[in-house]
Amino acid sequence: MLNDRQIEILQRAGLDDSTMTAEQISRIAAAEDPGTLDDAQLIEFIEIANALYRGGEQIISDHVYDHVFLAELQRRQPRHPFLHHVEPEAAFSGKTIPLPEKMLSTEKAYTLQSIEKWLARVEKAAQQMHLDFTRLQFRVTPKLDGFAAYDDGRLLYTRGDGRKGTDISRVFERGLNVAGNGRRGQGAGEIVVNQHYFAEHLAGRFENARNFQASIIKEKQLDDLVLQAIQDKAAVFYPFAQLPSWQGSAAELLENFTEIVADVRETVDYDVDGVVIEVTDPELQQYMGSTRHHHRWQIAFKSNAEMAQVKVLRVIAQTSRSGRVNPVVELQPVRLSGAMISRATAHHYGMVRELGIGPGTLIELTRSGEVIPKIERVLQAAEPEIPEYCPSCRSRLVWDGDYLYCMNSAHCPAQIEHTIEHFFKTLGNVDGFGQKTVAKLHQSGISSVYEIYQLDMKQLQNFGFGEKTARNLLDQLQRSRTEAVEDWRFLGAFGIHRMGLGNCERLLQHYRLADIFTLSEQDIIEVEGFAEKTASAVVASLKEIHDEFQRILALGFNLIITPLHSASREQKKTSLLAGKSIVFTGTMQRAKRDDLKKQAKQLGARVGNAITGKTDYLVVGEKPGSSKISAAREKGVTVLTEEQYYAMLEAEDHQQSSGDVR
């Protein structure tokens with residue numbers, strides 16, 4: 001059956017009045033057989049599958065969509081508009097506006113013979129223009145599998161129908177970075193997420209990268225994990241112009257085709273579903289032109305998706321920091337996309353229960369982006385393997401929706417160790433406290449972060465650490481207390497339920513760290529971005545960590561205090577930047593740009609990444625983004641050089657010190 005998110009996407013796309021029921025749609029997707037559908041049903045299902053794919057909730061794989069359903073439509077109705085126009089994306093709120101340039105789909109090829117036919121068409125066009133085909137250069141780039149968009153330096157547009165899109169510039173205001181040289185205004189590209197980051201940090205929440213990418217641009221408040229991925233620069237807008245590439249002649253391309261394709265696909269750590277090949281001569285590009293669907297001077301080569309049928313050996317339960325028990329599916333080893341695969345992730349135990357995943361289950365396996373093994377579908381179900389007890393502490397598990405939880409948070413080894421790891425990893429100014437070290441400390445009787453800070457050389461050596469390692473651990477603990485760290489990061493290190501780093505910073509923009517434990521649910525709800533359910537969870541979680549938090553805070557940490565948004569008149573008097581919106585661009589000479597941003601925040605400024613009508617100052621270093629300067633001038637924003645910015649701050653310091661003397 002379709003889930004609530006899928007139904008919402010179909011409503012936005014105007015497909016909720018489909019003649020098919022949700023059950024019929026699910027059944028067609030599972031059967032992957034268009035032979036039982038009449039023409040109207042086939043077209044309707046293709047429209048539904050396309051809308052769900054572009055909305056991040058696909059119900060069939062790319063391979064099945066292209067090779068089964070679109071191939072069937074091509075066979076029946078080769079002139080159908082769906083095959084010759086840009087496939088529309090799911091709608092977003094806001095008025096559609098014309099794109100600065102057309103964003104078309106790309107013609108697809110699946111065999112070397114198809115590439116040779118395309119090259120023959122290019123050669124024919126070159127002859128008609130009296131160009132030497134042997135001298136033409138071809139560029140091969142990875143075909144990113146992300147969310148297509150267009151950046152003109154002022155706005156970021158969705159691709160829409162290829163001619164009109166929707167303004168989603170909010171993603172830059174949320175901090176999204178531009179890959180490559182970091183400059184805005186480089187035209188078409190895709191919003192993508194780093195594969196390994198997704199596997200490590202996001203796969204437990206988002207079923208696939210496309211689901212995550214769609215969540216980045218949604219109009220509502222972002223998930224904390226999404227905000228963190230943006231802050232970590234794991235999610236970026238990647239302009240096609242910045243993509244790494246191979247370049248050479250047609251003869252070189254054909255002679256080394258397999259190697260070139262394999263090498264180019266490995267040049268980025270993002271999901272790719274092939275390579276894009278284009279002739280680089282701009283006059284020839286213009287001469288060849290485009291159809292309503294694709295540019296004729298460009299083609300995508302997509303390997304037939306590699307799948308494997310494999311049996312499940314067992315389902316392994318793993319307990320997380322939050323107590324949620326996640327299923328890891330152990331498989332008969334199988335080689336897929338050049339790698340030996342022996343494990344795959346099931347999304348949650350609700351999926352294990354519903355699909356019948358246990359010893360003997362036969363599944364169809366693919367590799368999402370050729371990194372994350374994914375269960376595409378269950379071919380032959382078996383008795384699902386559902387644990388009753390926590391694998392770490394043997395406490396009885398409880399169901400909460402589709403998820404299983406261990407409620408023994410105070411004594412569960414897995415939860416304790418993950419909590420300690422999370423603290424030091426989030427703090428970010430301390431090394432050495434990884435999984436093995438924390439496990440060794442816990443086995444020696446250490447069960448909290450506070451206890452770790454009480455350790456001395458003798459105790460660590462008694463636990464089995466060598467003198468050099470013990471000294472290093474103690475030095476790192478001291479470093480964590482003396483090296484400056486943001487107060488919101490310190491708060492986030494305690495792993496408060498529903499409080500990612502983004503929410504921690506928002507909360508401390510309204511309340512001091514010392515006051516948060518006295519907040520009511522209503523106090524938190526009044527902060528933008530906090531709903532009633534979140535506020536309730538936060539209050540309960542703060543109560544649980546109160547004692548440990550106070551003990552650790554009393555050890556003394558060098559905290560950078562978040563300026564309050566609701567600054568008093570007196571606070572505003574103390575800094576010219578208090579309450580101002582400021583953007584930095586270019587390479588700074590006297591300090592790192594990140595350090596300048598921190599300093600500006602300490603002085604009460606709001607630091608942004610994009611120029612808006614509310615921006616007060618643009619501070620310009622060397623090699624700045626020209627689009628930012630143009631946007632600043634358009635909007636009447638004050639542009640300062642780095643030296644002018646420092647002069648302003650130094651003049652303010654002088655005024656304040658003079659006032660103190662008097």
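State all residues of region 244-262 that are of a type outside the set (S, T, N, Q) and closer than 14 Å to Thr280 by Cα; if no residue qualifies, say none.
Hits for region 244-262 are Trp246, Gly248, Ala250, Leu253.
Report yes if some residue within region 244-265 is in contact with a Gly (Cβ under 7 Å, 6 or more places away or on another chain) and modelled with pLDDT of 90 or more; otherwise report no.
No.
Every residue in region 620-646 that is assigned to a loop (DSSP other than H, G, I, E, B) and either of a type outside the set (A, V, I, L, M, F, W, C) or closer than 11 Å to Arg184 by Cβ (or both), please.
Gly621, Lys623, Pro624, Gly625, Gly636
Of these, Val193, Val178, Val171, Val236, which one is among the β-branched types (Val, Ile, Thr) and over 20 Å from Lys143 (Cβ atoms)?
Going through Val193, Val178, Val171, Val236 in turn, just one is among the β-branched types (Val, Ile, Thr) and over 20 Å from Lys143 (Cβ atoms): Val171.
Looking for something assigned to a loop (DSSP other than H, G, I, E, B), more than 30 Å from Pro142 (Cα to Cα) and not assigned by TED's automatic domain parsing to the domain that holds Leu553 - is there at least one such residue anywhere in region 369-382?
Checked region 369-382: at least one residue is assigned to a loop (DSSP other than H, G, I, E, B), more than 30 Å from Pro142 (Cα to Cα) and not assigned by TED's automatic domain parsing to the domain that holds Leu553.
Restricting to region 444-459, name every residue that is under 18 Å from Phe423 (Cβ atoms), part of a helix (DSSP H, G or I) and free of Cβ contacts under 8 Å to residues at least 40 places away in the same chain.
Glu451, Ile452, listed by residue number.
Find all pairs meeting these conditions: Cβ atoms under 7 angstrom apart; at least six residues apart or on different chains; first residue within region 483-507 and farther than 23 Å from Arg205 by Cα and in contact (Cβ under 8 Å) with a residue 12 or more places away in the chain; second residue part of a strand (DSSP E or B) and not aromatic (Phe, Trp, Tyr).
Sorted first by the residue in region 483-507, then by its partner, the pairs are Ala484/Ile560; Val485/Leu559; Val485/Ile560; Glu486/Ile560; Asp487/Leu559; Asp487/Ile560; Phe490/Leu559.
How about region 335-366: which of its residues are crowded, with 18+ Cβ neighbours inside 10 Å and part of a loop (DSSP other than H, G, I, E, B)?
Those that are crowded, with 18+ Cβ neighbours inside 10 Å and part of a loop (DSSP other than H, G, I, E, B): Ala346, His347, His348, Ile357, Gly358, Thr361.
Which of (1) farther than 15 Å from Asp161 by Cα; (2) of a type in the set (A, V, I, L, M, F, W, C); (3) over 25 Å from the mean Cα position of the chain (by Cα); (4) at pLDDT 80 or above does Ala49 not meet, given it meets every other one?
Here Ala49 clears every test but (3).
Go through Ser249, Ser215 for me and flag whichever is of a type in the set (Gly, Ala, Ser), buried (at least 17 other Cβ atoms within 10 Å of the Cβ) and farther than 30 Å from Ala381 by Cα.
Exactly one residue qualifies, and that residue is Ser215.
So which residues in region 420-443 are part of a helix (DSSP H, G or I) and in contact with a helix residue (DSSP H, G or I) (Cβ under 8 Å, 6 or more places away or on another chain), if there are any at all?
Passing the criteria: Ile420, Glu421, Phe423, Phe424, Thr426, Leu427, Gln435, Thr437, Val438, Ala439, Leu441, His442.
Tell me yes or no: at least one residue of region 633-645 is modelled with pLDDT of 80 or more, crowded, with 20+ Cβ neighbours inside 10 Å and aliphatic (A, V, I, L, M).
Scanning region 633-645 turns up at least one residue that is modelled with pLDDT of 80 or more, crowded, with 20+ Cβ neighbours inside 10 Å and aliphatic (A, V, I, L, M).
Within region 151-158, is there a residue that is buried (at least 21 other Cβ atoms within 10 Å of the Cβ), outside any helix (DSSP H, G or I), in contact with a Gly (Cβ under 6 Å, 6 or more places away or on another chain) and polar (S, T, N, Q)?
For region 151-158, residues buried (at least 21 other Cβ atoms within 10 Å of the Cβ), outside any helix (DSSP H, G or I), in contact with a Gly (Cβ under 6 Å, 6 or more places away or on another chain) and polar (S, T, N, Q): present.
Can you tell me which residues in region 454-474 are of a type in the set (Phe, Trp, Tyr) and either within 21 Å of Ile561 (Cβ to Cβ) or crowded, with 18+ Cβ neighbours inside 10 Å (or both)?
Once the filter is applied, which keeps residues that are of a type in the set (Phe, Trp, Tyr) and either within 21 Å of Ile561 (Cβ to Cβ) or crowded, with 18+ Cβ neighbours inside 10 Å (or both), region 454-474 yields only Phe465.
The values are calculated or read from the model by the stated rules, or taken from the named source; none is laboratory data. Keep in mind it's a predicted model, so treat the numbers as computed, not measured. Ideal geometry is used to build each Cβ from the backbone, glycine not excepted, and the neighbour counts take in all protein chains shown.
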